[in-house]
Every structure is written in structure tokens, then in C-alpha cells.
1. Mind checking the full-extension length gain between B:Arg366 and B:Ala347? Use 0.36 nm per residue of separation minus the Cα-Cα distance, one decimal, nm.
2. What shape does the range B:215-302 take by its C-alpha gyration tensor, where a ≥ b ≥ c are the square roots of the eigenvalues and a/c under 1.5 counts as rounded, a/b above b/c as prolate, and the rest as oblate?
3. Specify the residue with the greatest mean-square fluctuation among A:Gly184, A:Gly65, A:Gly307, computed from a Gaussian network of chain A linking alpha-carbon atoms under 10 Å apart.
4. Among A:Asp171, A:Asp238, A:Asp177, A:Asp127, which comes first, second and so on when ranked by fewest other beta-carbon atoms within 10 Å?
5. Using the 2.2 N^0.38 Å rule of thumb for compact globular proteins, work out how the range A:284-346 stacks up: its C-alpha Rg over that value, please.
6. In angstroms, what radius of gyration and Dmax does chain B have, counting Cα atoms only?
7. If R0 is 56 Å, what FRET efficiency do you get for A:Lys120 and A:Asn178 from their C-beta distance, rounded to 0.05?
8. Among B:Ala276, B:Phe58, B:Thr261, which residue has its Cα positioned farthest towards the positive end of the charge dipole of chain B, with +1 placed on the Cβ of Lys and Arg, -1 on the Cβ of Asp and Glu, and the dipole taken about the Cα centre?
Amino acid sequence: MNSKTIRVLSVLLALVLLVAFVPGCAKKTDTGTGTSDGTTPPKSTVKAAMVTDVGGLGDKSFNDGAYSGLQRAEKELGVEIKVLESKEITDYESNIDQLATAGFSPIFAVGFLMTDTVSKMATAFPDTQFGGVDEFFDPVPANVVGLNFKEEEGSYLAGVVAGLATKDSFDSKLNSDNVIGFVGGMDIPLIQKFEAGFIAGAKSVNPDVKVISLYAGNFTDQAKGKELGYSLIEQKADVIYAAAGQVGLGTVEACKDKGALFIGVDVDQYETVANSGDVMLTSMIKRVDNAVFETIKAVVDGSFPGGTIKVFGLAEEGVGLAPYHDFESKVPQAIKDAVEKARTDIIAGTITVPTAP
Amino acid sequence: MSAAAEDRSTNRDWAAIAQKVGTPFASVLLAILIGSLIMWVSGYDPIAAYAALFQGSFGTPKAFGDTLLKSTPLILAGLGLAYGFRANLFNIGAEGQLFMGGLAAGWLGLVLAGQPWYVALPLLLLAAMLAGAAWAFIPAILKARIGAHEVITTMMFTYIARYFVSYLVIGPLKSPGQIPQTGLLPPESQLPRIQSLFSDATLQAMPFLKMGRAHMGILVAIVAAVIVWWVLKYTTLGYENRAVGYNPWAAETGGISVQWTTVKALCISGSLAGLAGAVEVMGVHHRLFDQFSSGFGFTGIAVALLAKNHPIAVIPAALLFGALSAGAGTMQLMADVPQKIILIVQALVIFFVAAEGIVTYFVKQRQKEATSNVG
């Protein structure tokens with residue numbers, strides 16, 4: 001009895017250690033300061049930092065995106081970097097406060113839920129520069145830059161792909177019903193931009209296409225995402241674009257189950273969603289890393305665009321489409337050409353993409 | 001009763017108390033030790049990490065204020081859980097009641113705009129308690145009448161509450177602007193920060209009062225803890241609650257209505273969780289949005305476990321979890337230890353409290369050794 005208890009205990013402890021050890025090691029390598037490739041980076045006195053939202057590092061989305069922007073700045077500009085992860089919403093203020101007190105500037109705050117906090121801390125620390133990813137300020141404090149994205153432009157390209165693909169038959173999952181689907185997280189203006197761009201893009205190449213939009217009401221419920229996916233496929237949709245955070249992961253499952261193609265969002269979801277290669281047509285990506293890097297670069301150059309909202313679109317390489325990956329050889333050249341034409345037209349200003357459906 | 005027997009019984013009492021207090025302490029200590037082992041193995045400096053953690057949770061008045069800020073909802077949620085546990089009810093859906101409490105406060109605060117604080121504050125807190133109690137009432141009735149397990153029903157009700165709040169802040173209650181949230185509560189409906197109650201001169205003279213974001217919700221929580229303790233110890237209501245928890249059949253035989261006591265216990269548990277939601281909305285965010293709670297209703301379970309369901313012990317237990325959370329930022333900043341380590345330490349605390357048997361086993365073993373050494 002006694003020796004059995006001890007045995008059970010030691011196994012449990014070993015498990016705890018093992019579980020802790022693996023991510024612990026992984027983290028260690030990517031938080032390591034200094035470059036590993038032997039080149040000496042240029043020196044800079046700028047200390048850039050970021051505060052993650054409750055998703056934390058490893059979200060394979062904006063937090064990781066912003067962090068890779070910081071890492072690039074460390075490497076190419078020689079700035080000192082620091083990340084504070086938040087576990088609770090009340091951590092936002094104390095994390096920003098501590099970074100500002102420790103002399104970090106610029107400080108990036110990731111996610112629109114931090115908007116109020118950034119405004120407040122910008123007043124408390126007038127000499128610190130802030131970058132708010134996905135945050136919109138009205139008015140913008142002089143020491144803050146809002147980093148926004150023209151999601152509608154990237155979504156327009158996704159719409160072009162979907163609108164042409166549903167007419168095509170390069171994959172067995174495509175039907176001849178000319179219906180495509182959109183899954184949104186919350187029905188708020190930020191997400192409606194995705195929907196509007198997607199519909200406009202699809203209609204521009206396929207005026208008769210039917211686009212069905214469904215909203216999950218949140219960004220986390222994967223079961224709901226799967227259900228919405230089933231519902232869309234039931235209604236004959238064969239290409240589905242999801243701008244819904246975690247909800248989209250459920251929709252991917254539905255697509256794999258019932259046979260439809262999927263267009264990912266925010267990051268190249270081919271890389272982040274396991275075993276999704278046979279349905280992941282492409283992804284609409286937001287280059288949070290570029291936005292963060294450009295902002296740090298501006299601080300280093302002394303041209304911080306404080307008091308403004310910087311909007312990163314196709315022209316600024318702030319949004320775009322990910323590679324087709326497994327579909328690279330299947331997708332007809334005509335579709336690729338149409339996407340390229342839409343991209344150049346939008347950058348040239350001959351196409352204006354709507355922001356509300 | 002002989003004197004010797006009396007002596008033995010007081011001895012046993014002391015041993016029981018020592019064990020009651022000792023096990024949670026031992027659990028926390030073990031968690032911290034294993035936590036440092038994990039840090040050491042992963043290549044971090046545990047001493048620097050814990051020093052930074054302490055600095056960030058108790059090191060300055062502001063840091064202590066953050067600890068209080070984070071402990072406040074945990075005390076209230078923990079109290080709610082503990083009260084339920086005492087009646088052998090597992091109100092796992094405290095989070096849902098918390099949401100309804102937050103909703104009541106966030107909505108009524110806007111409706112009562114223009115009322116003085118001494119009208120608004122009590123009404124808001126009361127409304128939040130009622131909302132939390134009401135949200136627990138249906139699972140309570142289901143439990144009492146047809147025996148539907150409260151773990152299932154309260155959990156399901158949590159989803160309903162969360163989506164309901166989410167719908168309201170996106171739709172009917174949304175304030176103008178990009179972000180789905182309600183309008184800012186008028187100052188009279190906000191729980192003031194502790195430091196705002198004192199004049200600049202007083203703060204200058206007594207800098208320990210500069211507790212940053214800590215707000216009067218902590219007072220609400222402490223008063224609630226004392227009231228719950230008093231109710232459980234000295235009132236018929238509390239006696240019935242405990243009696244049903246110990247042995248429902250014996251209680252029924254003794255003339256206590258188990259059904260009615262169950263309903264009351266879950267509703268009181270819900271009202272305390274509702275209060276937790278209210279202090280977050282009124283004291284921290286000053287508005288309602290769909291992510292205003294970081295799972296306080298669930299952390300409350302761990303708090304109640306660690307406190308062994310004693311209402312007063314809930315306060316230090318919540319302070320521990322609050323401090324771990326408040327110090328995590330400083331730990332990342334000063335010692336470069338990722339915040340996930342804190343989650344591991346928290347999980348270990350819960351693990352050892354839950355696996356109390358293991359700790360008791362070691363304590364007993366130690367006692368046996370001690371007695372055999374003496375003998």
C-alpha cells in the first residue's frame with residue numbers, strides 16, 4: 001500500500017516535470033536575447049516591448065505576429081526587446097505600467113480590448129510611445145499610434161479566389177451550385193469589413209455567386225464553428241471563408257468532414273492548423289509583424305507617427321494572401337492571374353473595397 | 001468524563017486544527033518547491049523569480065493594491081463555492097452567476113445615472129446578488145425537485161449567461177463605437193479606489209495608502225466573508241446548511257427540509273458569485289463587456305478548496321491566488337520567467353490541495369516517525 005502510493009506519486013511528479021520541461025525548453029530558445037547566427041546587430045538605445053492579450057505567446061496569431069516583428073527589430077535594428085504576457089484583463093494595465101516605468105518605449109498592446117487601457121496609460125506616461133495593434137482611438141493621443149489593417153482588401157482577394165473556385169472544378173470538393181460561405185466571429189464592424197471585402201471580391205469575378213454569411217457570436221466556440229460549417233455546406237457552399245478566431249477551427253473540421261474548401265484568416269492557417277492541407281485553399285493574412293517592425297523602425301529613425309491611425313493595406317504589405325500550398329498545382333493560372341490583377345488594381349486605386357456589407 | 005479523557009479530546013482538537021491549517025500550507029509550500037524545481041530544470045533562476053513575484057505582489061503599496069484588486073472577485077466567488085460545498089453542493093457554474101451579477105450591475109448602473117452614490121451602490125450590489133441568486137434558482141429547483149445534478153445544470157447555465165451577456169453587449173446594450181461594450185458607469189455607480197478616498201496630504205503622510213487600482217470591492221468581500229462565517233456558525237440557516245452537507249438523511253430525519261435547504265444554499269452561493277461579478281464591473285472596468293471575468297468563478301473553486309470551505313480562510317486563499325497573478329508581470333519583467341510558470345504553480349497548488357490524501361499521508365508518516373523516535 002505504502003510503496004504503491006509512493007510509486008503513484010513519483011509517476012505523477014515525473015509527468016508534471018515532463019509537461020513543464022518540454023514547453024519550458026522551447027520557450028527558452030525563443031526568448032533568448034542576442035542573435036545566434038554570430039552576426040553582431042547594430043546597437044540602438046531603443047527598448048521596445050509588447051503586452052500580449054490573454055491569448056499569450058504561442059497563439060499562432062497576433063501575439064506571435066507582433067512578437068516576430070519585435071524579434072526582427074532586435075535582429076535588424078539592435079533594439080532591446082521584452083514581452084509581458086497577460087493572463088487576465090486586469091494584467092493589461094499593470095503590465096503596461098511596469099514596462100513604461102522600466103523605460104520601455106515604444107510599447108505595443110495587442111488587441112482591441114486594450115484600447116481603453118492604452119489611452120489611460122498614454123496619459124499617465126506622456127513620454128512613452130505606444131502602438132495599439134487593431135486599436136482605434138478617437139482622438140488619437142499624441143504619443144500613440146493605432147495600427148490598423150485593411151482587412152477588407154485582403155478579404156477581397158480571398159473573395160476573388162472563392163468566387164472563381166466555386167465555378168471551377170479543380171478539386172472534387174467543388175460543386176456546381178455556385179454558393180460560397182462566410183463565417184464571422186462577432187457581428188461587429190471590425191468583422192463586417194472581412195465579410196464586405198469577401199463578398200465584393202467574389203461578386204467582382206462571379207456576379208451570380210450566392211454568398212451566405214453566418215455569425216457565431218463569439219471568437220472561441222469551436223463547436224459552434226463546426227455547426228455553422230455544416231449548415232453552410234448543407235446549403236451547398238463549397239468554399240468557406242472564416243474570420244472568427246478559434247471558431248474557424250471548428251469550421252475547418254466541418255469542411256474536412258463534409259467536403260468543402262476553406263480559406264483561413266489572420267495567419268497562414270496551413271501552417272497553424274494541423275492536418276488541414278486537403279481543405280486549406282489559402283489564408284487571408286494580416287502582417288502584424290510588418291506593422292510592429294515598421295513602427296519600431298520609425299521610432300529608431302525618430303519619425304514615430306504619434307497621434308495617427310496607421311492603416312496597413314495591400315500597398316503597405318499589411319494584408320495579403322498566403323500560398324496555396326497543397327493546391328498550388330491544382331489552382332488554375334486564371335485564378336492566380338485574377339488575384340494578381342485585383343491586387344494591382346486595389347493598390348493603384350482603381351478598385352475601392354467596401355468596408356460594410 | 002475523566003480528566004484524562006478530556007485532556008485527550010482537547011489534544012485531538014488541536015491536532016485536527018493543526019491538520020486543517022497544516023495541509024493547505026504544506027500544499028502551497030510543495031507547489032512552490034516543485035515550481036522552483038521546474039524553473040531550475042527549464043533554465044530559469046527560481047530565487048530571482050520568486051523574489052520578483054513577491055516584489056510584484058507585496059513589494060510596494062501599488063503592487064499590494066494589484067494583489068487586492070485580483071483577490072477581490074476571488075474572495076467572493078470562493079465564498080459562494082464554499083457555502084455550496086458546505087451543503088455538499090458543487091456550484092461549478094458560479095461563473096454564469098457571476099456574469100449575471102455583472103450584467104445587473106452594468107445595466108442598472110446606467111439606468112440609475114443621476115442617483116447619489118449612497119442610493120446607487122447598495123442598489124447595484126443588491127441587484128447583482130439577486131441576479132446571481134436568480135440564475136442559481138432554476139438549477140436549484142431542478143436539483144431539489146427532480147435531482148438533476150447541479151454540476152451539469154449550473155455549468156449549462158454558465159453558457160447561457162455568457163452568450164446572453166455577449167448578445168447584449170453586441171446588441172441592445174452596446175454603446176456607440178467600434179468596441180462591443182456598454183457605456184461607462186456614472187461615477188456614483190463606481191466602487192471608488194481606496195486611494196481616492198484620502199486627500200493628497202493624507203496620502204503624502206501615509207504612502208502605504210497609495211494602493212493604485214485596489215477599490216472598495218475588497219471591503220465588500222471582507223464584510224461578505226464575515227457575514228457568511230457568522231451565518232454558517234451561528235444561525236439556523238447555516239446550521240441546516242451544514243447538517244444537510246454532513247448527512248442529508250440524518251438532517252431530513254431531524255426535521256430539516258433537504259430540498260428547501262438545497263435551494264437556499266445554491267441561491268446564496270449564486271448571490272455571492274453575482275456579487276463577484278458586480279465588484280469587477282463596478283470597481284475595475286466600470287462597464288460591461290463579454291470578457292470582463294477571467295474565469296473567476298472557476299478559480300473560486302480552487303480558492304474554496306484551499307480554504308477548506310472556511311469563509312474566513314477564503315480571504316488568505318484568494319490573496320494567494322491574487323498575489324500569484326499580480327506578481328506574474330514583474331516576474332516576467334525582472335526574471336524573464338514566462339507567465340506560464342505561474343499557471344504551473346497555481347495548478348500545483350490545486351493539485352496538492354485536491355490530492356490532500358498524499359500530503360496527509362506524508363504528515364502522518366512524519367508524525368509516526370516522530371512518535372517512534374520519542375518512544
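1. Working: separation 19, 0.36 × 19 = 6.84 nm, distance 2.54 nm.
Roughly 4.3 nm would be gained on extension.
2. On the way: a/c = 3.29, a/b = 2.19, b/c = 1.50.
Cα axes put the range B:215-302 in the prolate bin.
3. A:Gly307
4. On the way: A:Asp171 19, A:Asp238 24, A:Asp177 13, A:Asp127 8.
With the fewest neighbours first, A:Asp171, A:Asp238, A:Asp177, A:Asp127 line up as A:Asp127, A:Asp177, A:Asp171, A:Asp238.
5. Numbers: Rg = 15.7 Å, N = 63, 2.2 N^0.38 = 10.6 Å.
Rounded to two decimals, the normalised Rg is 1.48.
6. Cα radius of gyration and Dmax of chain B are 22.3, 77 Å respectively.
7. According to the calculation, E is roughly 0.65.
8. Selected residue: B:Thr261.
Only the coordinates and a few stated rules stand behind these numbers; no lab work does. Since we're looking at a predicted model, the values are computed, not measured. A quick note on method: Cβ atoms are made from the backbone with ideal geometry, for glycine too, and the neighbour counts reach across all protein chains shown.
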